[in-house]
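Working notes, structure below.
The values are calculated or read from the model by the stated rules, or taken from the named source; none is laboratory data. Fair warning: this is a prediction, and the values are worked out from it, not measured in the lab. Methodologically, a virtual Cβ is constructed for each residue, glycine included, from the backbone with ideal geometry; neighbour enumeration extends over all protein chains shown.
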Amino acid sequence: MSAPFFSVIIPSFNRLSFLQECIASVRAQTFQDFELIVVDDGSTDGTSDYLASEVPGVHPVRQANAGPGAARNKGASVACGRYLAFLDSDDLWTPWALETYARALARCDACSVIFGNFADFENVEQLAWGERAAFAIDHRACFLDACQEGYFAGAGMMVVERAVFEDITGFREKRMNAEDHDLALRLGDARGFVQVLSPITVFHRIHGSNETASLAQSYAGMRHLVGTELQGGYPGGRERAAQRRSIIGRHVRPVVLSAARSGQFLEAWALYKATAGWQAREMRFKFLAGAALIIGAAAVRRIAHG
């Protein structure tokens, strides 16, 4: 039996109801040359029993709770497909998601990384697939070449060639947000990058327990990105430094502002100080001035209240 073209990997932790909808969206794909791997990251909500009931078409994997990065790596370790297509258990694919990715790969001579095109939603009842928009992609030699376009993708919106993913040893397994941005940067000079411009391939669910809602984990993620860059941990050398720092600076800005507005002025100041030169080279003077005022005001409030 030949290997599937895609290995779809879904990590899940205590999101059974969302997971069932997510799996249904994968089953509904118009492109069917894939295997589906669901990694239960130590759930306690019945996910294990559900997957043990031999859900048709699902290869279940279970591990002790270790976080989404570790769960994705676990799924990748048993995958057989040429490409790994990641999807978060609270999100949904449009029926043409894999077809769109396959079409993008067929269009490009060499491609290691694809970012899907996403839209946010809150309630499935309000979700309307609508008519599929025309196919459009932006194909670059590598992800870093697209740094000025502002492209980004959560881990559940990425497709990566399995051999390339294995070469960089997959996701970081730290308890932090931004492990997806770290992966993209470590894949920064890998041959062939595609951003899907149209149609939408992923519906990203907004809800109260989104991982990205944790400011502490977001701060940890930004510290990791900045620290790794300063230590020369990302590919491309000095020649690519401006591109990498432009990408990292874009991710840092909202976290600096969120930390300052939440009264965490020391954390905000640490990120601000570490990346101020990068922001200045990007001519982000409005951000630099505004963030300095917000951080200063937060510090004054902390001192005034003891």
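Taking the stretch 198-229, which residues are modelled with pLDDT under 95 and touching a Leu at 6+ places or on another chain (Cβ under 6 Å)?
Listed by number, the list holds a single entry, Phe203.
Just to be sure, is Val124 in the same structural domain as Leu87 (by TED's automatic domain parsing) and at pLDDT 95 or above?
No.
Looking at Gln231, Gln243 in this structure, which one is buried (at least 18 other Cβ atoms within 10 Å of the Cβ) and among the polar types (S, T, N, Q)?
Working: Gln231 fails: buried (at least 18 other Cβ atoms within 10 Å of the Cβ).
Checking each option against the conditions leaves just Gln243.
Take residues that are under 24 Å from Lys273 (Cβ atoms) and tell me which of the helices (runs of 4 or more DSSP H) falling wholly in the stretch 151-251 contain 3 or more. Full working, then the answer.
Values: elements: 162-167, 179-186, 215-230.
Answer list for the stretch 151-251: 179-186, 215-230.
I'm trying to understand the selection: among the residues of the stretch 107-129, which are assigned to a helix (DSSP H, G or I) and either β-branched (Val, Ile, Thr) or closer than 14 Å to Glu161 by Cβ (or both)? Give the steps one after another, and end with the answer.
Step one: filter the stretch 107-129 for residues assigned to a helix (DSSP H, G or I), giving 107, 124-126.
Listed by number, the list holds a single entry, Val124.
Which one of these does Gln231 not meet: (1) in contact (Cβ under 8 Å) with a residue 24 or more places away in the chain; (2) within 29 Å of Gly156 (Cα to Cα)?
Evaluating Gln231 over (1) in contact (Cβ under 8 Å) with a residue 24 or more places away in the chain; (2) within 29 Å of Gly156 (Cα to Cα) leaves (1) as the failure.
What are the residues in the stretch 32-83 that are aromatic (Phe, Trp, Tyr) and under 12 Å from Asn14 (Cα atoms), if any? Talk me through it step by step, then tell me what you get.
Step one: filter the stretch 32-83 for residues aromatic (Phe, Trp, Tyr), giving 34, 50, 83.
Of everything in the stretch 32-83, just one residue is aromatic (Phe, Trp, Tyr) and under 12 Å from Asn14 (Cα atoms), namely Tyr50.
Since Pro60 meets every condition but one in (1) free of Cβ contacts under 8 Å to residues at least 24 places away in the same chain; (2) within 22 Å of Leu183 (Cβ to Cβ), which condition does it not meet?
Every listed condition holds for Pro60 apart from (2).
Where in the stretch 1-83 are there helices (runs of 4 or more DSSP H), lying wholly inside it, with at least 2 residues that are surrounded by fewer than 21 Cβ atoms within 10 Å (Cβ to Cβ) and of a type in the set (A, V, I, L, M, F, W, C)? Walk me through how you get there before you give the answer.
Working: elements: 16-27, 47-52, 68-77.
Per the criteria, 16-27.
Restricting attention to the stretch 95-121, and to residues there that are farther than 23 Å from Asp189 by Cβ and touching a Gly at 6+ places or on another chain (Cβ under 9 Å), which single residue is modelled with the lowest pLDDT?
That would be Phe118.
Would you mind stating whether Glu173 is in contact (Cβ under 8 Å) with a residue 24 or more places away in the chain and under 22 Å from Pro11 (Cβ atoms)? Lay out the reasoning, then the answer.
On the way: in contact (Cβ under 8 Å) with a residue 24 or more places away in the chain: yes; under 22 Å from Pro11 (Cβ atoms): yes.
Spelling it out, Glu173 is indeed in contact (Cβ under 8 Å) with a residue 24 or more places away in the chain and under 22 Å from Pro11 (Cβ atoms).
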